[in-house]
1. Here is a check on your reading of the model: is residue B:93 at the interface with chain A (Cβ under 9 Å from one of its Cβ atoms) and touching a strand residue (DSSP E or B) at 6+ places or on another chain (Cβ under 7 Å)?
2. Does the stretch A:301-319 hold any residues that are farther than 26 Å from residue B:136 by Cα and more than 8 Å from chain B (Cβ to nearest Cβ), and which are they?
3. Can you list residue pairs whose Cβ atoms sit under 6 Å apart, with the first residue in the stretch B:235-253 being farther than 21 Å from residue B:264 by Cβ and the second being surrounded by fewer than 14 Cβ atoms within 10 Å (Cβ to Cβ)? Count only pairs 6 or more apart in sequence or on different chains.
4. From the list B:67, B:82, pick out the single residue that is at pLDDT 95 or above, surrounded by fewer than 19 Cβ atoms within 10 Å (Cβ to Cβ), under 26 Å from the mean Cα position of the chain (by Cα) and more than 10 Å from chain A (Cβ to nearest Cβ).
5. With the requirement that a residue be more than 26 Å from the chain's Cα centre (by Cα) and more than 8 Å from chain B (Cβ to nearest Cβ), what does the stretch A:54-72 give you?
6. Please specify each residue of the stretch B:181-213 satisfying the condition of being buried (at least 18 other Cβ atoms within 10 Å of the Cβ), without any contact (Cβ under 8 Å) to a residue 40 or more places away in the chain and in a helix (DSSP H, G or I).
7. All but one of (1) buried (at least 21 other Cβ atoms within 10 Å of the Cβ); (2) under 21 Å from residue A:16 (Cα atoms); (3) free of Cβ contacts under 8 Å to residues at least 40 places away in the same chain hold for residue B:342; state the number of the condition that does not hold.
8. State yes or no: is residue A:319 modelled with pLDDT of 95 or more and surrounded by fewer than 24 Cβ atoms within 10 Å (Cβ to Cβ)?
C-alpha cells in the first residue's frame, strides 16, 4: 500500500478538466496521422490555447537578439547585431550580478527592470504614480496570482470565498479548493457583450454570505474566454463595490496589450482607482497582474510576469516578500522579456523599423482574424459570437439541436464537449468547450484562439464551417462515440 | 493625547459604526487619534501559516547588505570598499564563468538566425536545432507541456540510467520543474494532509536548507527535526532518526523523510552504507523519501563519492526497489553550471502509483509550465558534448577548471577557518558552503538576547557592518541549542576568498576581544 495513497484532499478536490479528454484524443489522432492512417485532414490545428509562437507567428527579432546577446556576450563584440540591441544587452548584463543571466536576482526582480516596469505603469496610467516597491516579478503571472491567493485564502470556518466571473479561464479557479477557499461565481452578461453588471456582483455576494466569508473579487480585463473590455464606468462601479463590501480586488490584466477596435480603450484598474481620488485611491486594496506571455511579445515559455500591489498593509507586504523569497526569483530571461516587451524600440532606434514591421504584421493578422471570425460565425446558423474587443480568443455561442444534446448525454459528455470532440475527430480542429469555463445552465459555447497566422485562421474557419454545416444537418453515429 | 480623550474619540467612532449599515467603511483608531479605514487584508485576516514563512538566505541580513551597498554607491564612508554576498549559493555572481557550449546553444535557440553564423560550432548548432524541433512552433517562447518537453524528459531519463550504471529510468517518471525548489514544494503539497494528531509530519535534517522549513510552515505541516552529528562530520545517525520519529508519532503522522546529499549547509557527502541504512529505515517506517541531490557533482574530499539514492535503492534488490517510494531532485543552479537564473530542474518519482501521478499532473498544470530555457539548459546538462565532438575538449576543460577550483576553495576555507581560535570548521566534503561552529563570548550572547536577536545573527550583523561580508547565521538553518554557526559560501575567486577568510578571522578575534 502506497504511502502517498493518502493524498492531500485539497489536491484531490482540484477538478479534472474536460480538456484532458480532448488532449487524449488529439494525441491518438496525431499518432494515427504519423502512422499514415487516412483522415479528412493532414494535421490537427490546435487553437485551444493562446500561444502566439506555437501557432506559427514569430517572436520579435529585437527581443530575441537582445536575449541572445545576453546569453552569449561574445555577440557584443561583433557587428552582427544592431547597435541598439547591443546597447540594450550591455545595459541588461550590467544589471545582473556577475554580468550573467545565470545569477539569481533580488526576490522582486532585477531592481532596474522593476524600476522600468514602474515607469511603464505610470506612462500607461496617464501619470498615476507607481512605486517600484510594490512590484514583484515572478515566473509567469499565475505564480504571482497563486502567491497572493495563498495570503488571502486558507482553511477556515466559514470558508473564505473568491468572486470569480463566469465564464473564466480555468487555471486560476482550479487551485482555489486546494488553497482552502471556495469559488463564488458571478455571471457576465452575454447579451450585453459579456459585460459585468454590478447588480450581479451584489446578487452573488448576497447569496454567498450565508455559507462563506467573501474576501476577494477576481476580474479579468480584457476578458478570457470572452474578449470584452470593461468600460471606465463599470470599473468605477466595481471599485465602489469592493470598497463598500470590503473585498480585496484582483485585476488580471495580462491582455492589456491586445486591444482591437478603434472604440476600444483599455484602462487599468490602477488608473481608474487613482483618478477616483481620495478616499478610494488610498484605501482600496488592489493587486494587478501582467505578463510577457500575451501581447505581441508573446513569450509564454520564458515565464515572465509581475504583480503590482496597491494599498496593501506594509506588515502584510513583509510576509508576501518572504513567500516570494523562498522561490528565489523569477527566471532572468523572463524578467528581461518583460522589460523588453514594456520598453520596446522607439522611432529613431536602428531596430525600430523591423520591430514596427513585425508588430504591424501581427496586429493586422489579429484584426483580420477577428473580422473573419465575426463574419463567418455570425453567418452560420447555430453559431453566434460577441465582438472580440481584446485578448486572444473568440468565444462563440453554440445553439445545439436537442438531438445533439441527447447524444452527448448518452455518451456521458457535456454537449459542448461532445461538439468539440466531433470537431476534433472529423475536422482536426482542437478547441475548448464552454463547460470548461462555466456558463449559464442550458447554454453552450466554444473557445478558440485568434492569435494565429491569417492562413491558419482561414483554414480553421473553413474546417469549422464545413464541419458545423454537416453536424447541424445530421447528428449521427461516428467513431467519436467511442470515447 | 491622554487616555480619556482617546476613549471619547473611540466612542464617537463606535457610534458612527452604525453607518456600516449604510455600507461605509469601518473606522479604526491609530496612535495619533486620527481615524483611518481598517484594511481588508491585515496581519489578522491573512493566512496564518504564511506568517510563519521565513527564508534566512534572503532574510533581514541580506536586506541590510543591500542597504549598505546603496549607501556605498552614494559615497558614504564605510570600513570596507564593497559588500560581499557570501550568503547565497550563486556561483556566477561571484565570478564563476558559464559553460561556453551551453550559452552558445541557448543563444542559437533564442535567435535561430545565428544558425547561419559560421562562428558557432557545428555541434552547438545541431543541439539547438534538436531542441527547437522539440518546442511548439520551433520556439522557446511557446508553452511546453506542464510536465516538461517530452524530448528533454527522455534525455534526462537516459542521463539517469548512465549515471546509475544502467538502472532503468522511465521518462514518464520525470517532471521538469522551475528549479528543484518547485519540485520539492509540489511533492510536499501532495503529501501534506490531515488534522491534529494525524497532521502530516515531515522529517528534515538539522541543520537544513530553509526552503524546507519555509514550505512546511506555509503548508501547515509538522516539521520533525533530526540532528546531524557535528562531531562526526555532520553524519546521519539512524538512532537519531528513530528517536525523532518515535517522539513525533505522539503528535503527528510522519509520512516523509527529506535528505540533502551532498548536504546544505553542512557539505557532508553520505557514504553508501549510510544511504542503505536510511533506505531500510524508510522502508521499515513507511516513509516517503525525498532526496535533494542538487549538489551531486560538487564532491571534493578524498574518499567521498556521490551515490544516488535511486542507484543504492535498486542495488538493494526488489524487496526495497519495488516498494520504497522516492523522489529525487536535481537542478541547473549548482554543480559546475551554476545557472541559478534559469530556474531549471527536474524530479524523478519512483514507485508512485498512477492514481497519484494523475494528481501530481493537476498540481503542476496550475502554473502552466517551467521556463523553457531552463528545460533546454537541463537538456544540455544531461546531454553534454561527447568525445570526438568539436566542443568536447573545451567543455571538459571548463568543467574541470570550475570543479577543481571549488575543491581547492573548499580545502582552503576549512584550513583557514580552523586556524581561528573560537572557530571550528568540519571538512567541506561537498556542496558550496562552510558551516563552521563559532564560540561566542557570554557577554555577546547576553547583549544579543537583550535586543531580541539570535546571538549568531548579532554576530553576523556586526561582521556585515564592520567588514561588508554578508553571511547567514546558523539560526537560519537550525542548530543544536546553545551552539552557534554561520554559513559562508566558498564561491568567491580564490584570491578574493583568501582575503575574505582573513577578514573573517580578524573580525572574529576582534569580536571575541570586544566582548570578553
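The values are calculated or read from the model by the stated rules, or taken from the named source; none is laboratory data. Note that the structure is predicted; figures quoted are calculated from it, not measured. Cβ placement follows ideal geometry from the backbone for every residue including glycine, while neighbour counts extend to all protein chains displayed.
1. yes
2. Answer for the stretch A:301-319, where residues must be farther than 26 Å from residue B:136 by Cα and more than 8 Å from chain B (Cβ to nearest Cβ): A:307, A:308, A:309, A:310, A:314, A:317, A:318.
3. B:253/B:198
4. Only one candidate passes the filter, namely B:67.
5. Once the filter is applied, which keeps residues that are more than 26 Å from the chain's Cα centre (by Cα) and more than 8 Å from chain B (Cβ to nearest Cβ), the stretch A:54-72 yields only A:70.
6. B:185
7. (2)
8. Judged against the criteria, residue A:319 is a match.
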